[in-house]
Amino acid sequence: MEVQMTNAGLSAAAGVVAAAAIALAGCIDGSGGGGGNGNSRGDDMIDESDRAPLPDGDTANGDGNDVGGSRGDGPFTITVLGNLPFLSGPPFEDHPVTTHATDINNAGQVVGWSTSGWGQGDGHGVLWTDGNVLNIQHSQWTSLHGINEQGQIVGSAGSSATVSLKAFLWQHGSIMDIGDVPAYGGNVSSALAINSKSQVVGWAVDDPWASSRSRRAFLWQNGHLVDLGSLPGGEDTSSAHAINAQGQVVGASSVAFPGFIPTADASRAFLWENDEMIDLGLATGHAVDINDRGQIVGTGKLDGEQRAFLWREGEVVNLGTLPGGHSSRASAINEAGQVVGVSESESGPRAFLWEQGGGMRDLNDLIHPGDPHHGAFVFEKAPAINDQGQIVTVGRIDGDEHALVLTPVEPD
């Protein structure tokens with residue numbers, strides 16, 4: 001393990017996000033495949049996409065009234081997260097640098113990873129805190145996926161973004177390997193989230209290239225790792241994506257598994273609680289986050305289209321898309337019920353913020369006009385949001401991607 005502290009300044013990270021990082025993050029892309037069981041939840045459906053668009057792309061609220069505020073006079077300022085300085089020097093200076101932020105806690109600490117694209121593409125775990133960059137290196141490729149309020153961090157490390165990955169926990173400057181799912185050997189694993197009680201969730205697989213493809217969701221606590229199983233009637237594979245303070249876990253369980261990472265129409269969203277995995281009742285989909293109120297967000301096939309959804313007390317809310325969009329994906333939810341994610345259209349992806357009564361709004365239209373970076377970036381992703389409303393996003397400028405934090409402007 002290597003730890004370095006350097007000044008971040010406002011230097012920007014650039015490059016193209018490596019495709020292998022999708023596998024590293026353990027996310028199940030697309031909406032999963034069908035079927036339910038006796039434990040299915042998701043009785044009612046509300047479709048936000050059926051609500052008429054208002055001028056400039058705002059949506060109507062549940063009462064059909066206009067949303068207050070005008071686009072372009074948004075409430076956020078931009079902080080450009082700095083890059084690891086040594087990636088800008090020899091021998092990396094002639095190679096693209098990619099920095100990807102994945103999570104943020106309520107103290108504003110951000111985690112993610114950075115790579116130079118040089119040689120074998122070493123990956124460096126990155127913690128941004130108090131204006132500094134902490135480089136956390138556990139192996140040739142290290143990626144950080146989640147951080148809790150105590151500053152404990154989880155991630156995965158291995159010889160590359162997809163080979164020999166091992167889930168780990170970082171705390172107080174030291175790294176501890178979490179281990180393997182006992183039933184499967186689990187020689188490849190990734191930790192994706194950690195709650196305030198230091199409970200960790202993720203996935204493990206015995207052999208990513210084997211025909212059995214026995215990938216399983218796990219819960220780690222107090223030094224013990226538990227196989228969470230999978231929903232019945234599927235391919236016996238699953239992945240846990242998030243856990244709240246109550247120990248409720250959400251994720252995806254595969255129905256069809258044509259490869260190492262499940263594709264669209266290949267999984268079902270689940271909630272795990274009281275030692276039971278429960279189907280949320282969507283025909284297809286996966287759940288990616290849950291807050292302490294038990295509200296769940298994810299992506300599902302709703303009315304035949306891939307849509308971001310909010311699940312609350314058995315009700316599924318279709319969050320729709322931004323104007324002109326053909327699909328959407330939710331990434332995270334905070335305690336206020338604010339949801340962030342991505343809306344896709346023919347012109348490309350756009351990061352969104354969804355709020356109850358305010359609908360889905362394009363983050364690109366919510367930057368304070370006085371911010372020095374106003375109009376400089378196109379926000380394409382929004383992986384996380386904390387309870388202060390700070391949003392981790394990826395902004396593109398001149399073809400390069402930059403890790404950013406959007407912070408709400410305090411009212412006068």
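The values are calculated or read from the model by the stated rules, or taken from the named source; none is laboratory data. Predicted, not measured: the structure shown is a model, and the values here were computed from it. Don't worry about glycine lacking a Cβ; one is built from the backbone with ideal geometry, like all the others, and counts go over all protein chains shown. Surface areas here come from the heavy atoms of the whole protein model, side chains and all, with no ligands, DNA or RNA. Shrake-Rupley method; radii C 1.70, N 1.55, O 1.52, S 1.80 Å.
Figures for the structure shown
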quantity: Accessible area per residue, Å², the stretch 360-412 with all protein chains present, probe 1.4 Å; calculated: 41
quantity: Carbon and sulfur %, accessible surface of the stretch 274-397 computed with the full protein complex present, 1.4 Å; calculated: 42
quantity: Probe 1.4 Å, accessible area per residue of the stretch 228-351, Å²; calculated: 31
quantity: FRET efficiency estimate (nearest 0.05) - Cβ-Cβ, HIS326 to GLN221, R0 51 angstrom; calculated: 0.80
quantity: Partner lysines for LYS197 [C-alpha distance under 27 Å; skip if fewer than 8 residues away on the same chain]; calculated: LYS166
quantity: Length added when fully stretched, GLU273-GLU149, from 0.36 nm per residue minus Cα-Cα; calculated: 42.4 nm
quantity: Additional length obtainable on full extension of the chain from ARG396 to ALA107, 0.36 nm per residue less Cα span; calculated: 101.5 nm
